[in-house]
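As structure tokens, the structure follows; a few thoughts come after it.
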Amino acid sequence: MAGAFMDLVGTGTAHAGKKSFIRKYTIWFEVFGWVLIGCGTFYILFLVRDGAWRMYDPFAQISGMLLYVSCFYKPFRFFGRILLIMIVKPIWFIIHVIISIIRQLIRIAVRIVVLLLTPFVKLFRILSRNLFIKREI
């Protein structure tokens, strides 16, 4: 699972835009990912063996990561692409449609308000010229 998580972090940062926040702080995201993996590993050890760390645990983790790279990399990527196409992209599309509809409604409301206020603004400009003329006494 650690290999899949780090693969997810690496893929996510690699596919971010060149000027995006994620690409700018890629190193920090990777460090945070490794810290999360370490905390998760300790939590699993705490549940299974009351937090006892044994000498073979790092070797088991490294062999698990190598097993992921050699055997499970392609299936995880395949299922990740399916998940992206079937779930994430449609939800993202729906969110974009809702935001664009709300944005258009706000633009229409602003235009209506501007249209209704235009005569009053013109009247105020005409009156303000006459009211604030400097007169010599």
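The values are calculated or read from the model by the stated rules, or taken from the named source; none is laboratory data. Predicted model, so just to flag it, every value in this text is computed and none were measured. Counting neighbours? That spans all protein chains shown, and the Cβs are built from the backbone with ideal geometry, glycine included. To get the accessible areas, we keep the full protein, side chains included, count just its heavy atoms, and leave off ligands, DNA and RNA. Shrake-Rupley method; radii C 1.70, N 1.55, O 1.52, S 1.80 Å.
One table, with the values for the structure above:
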{"quantity": "Residues being within 30 Å of Thr11 (Cβ to Cβ) and open to solvent by 100 Å² or more (accessible area, probe 1.4 Å) - total across the range 84-124", "calculated": "5"}
{"quantity": "Ile27 being among the β-branched types (Val, Ile, Thr), within 22 Å of Gly3 (Cβ to Cβ) and either in contact (Cβ under 8 Å) with a residue 60 or more places away in the chain or not in a loop (DSSP other than H, G, I, E, B) (or both)", "calculated": "yes"}
{"quantity": "Some residue of the range 52-74 being open to solvent by less than 80 Å² (accessible area, probe 1.4 Å), among the basic types (Lys, Arg) and assigned to a helix (DSSP H, G or I)", "calculated": "no"}
{"quantity": "Selection status of Leu127, open to solvent by 70 Å² or more (accessible area, probe 1.4 Å), without any contact (Cβ under 8 Å) to a residue 24 or more places away in the chain, over 23 Å from Gly10 (Cα atoms) and over 30 Å from the mean Cα position of the chain (by Cα)", "calculated": "yes"}
{"quantity": "Failed condition for Arg77, given (1) free of Cβ contacts under 8 Å to residues at least 24 places away in the same chain; (2) surrounded by 10 or more Cβ atoms within 10 Å (Cβ to Cβ); (3) of a type in the set (Lys, Arg)", "calculated": "(1)"}
{"quantity": "Residue, farthest from the chain's Cα centre (by Cα), within the range 32-51, restricted to residues that are more than 17 Å from Met65 (Cβ to Cβ) and in a helix (DSSP H, G or I)", "calculated": "Arg49"}
{"quantity": "Number of the condition not met by Val9 [criteria: (1) part of a loop (DSSP other than H, G, I, E, B); (2) aliphatic (A, V, I, L, M); (3) open to solvent by less than 80 Å² (accessible area, probe 1.4 Å)]", "calculated": "(1)"}
{"quantity": "Those residues of the range 31-51 which are open to solvent by less than 60 Å² (accessible area, probe 1.4 Å) and at pLDDT 85 or above, in sequence order", "calculated": "Gly33, Ile37, Gly40"}
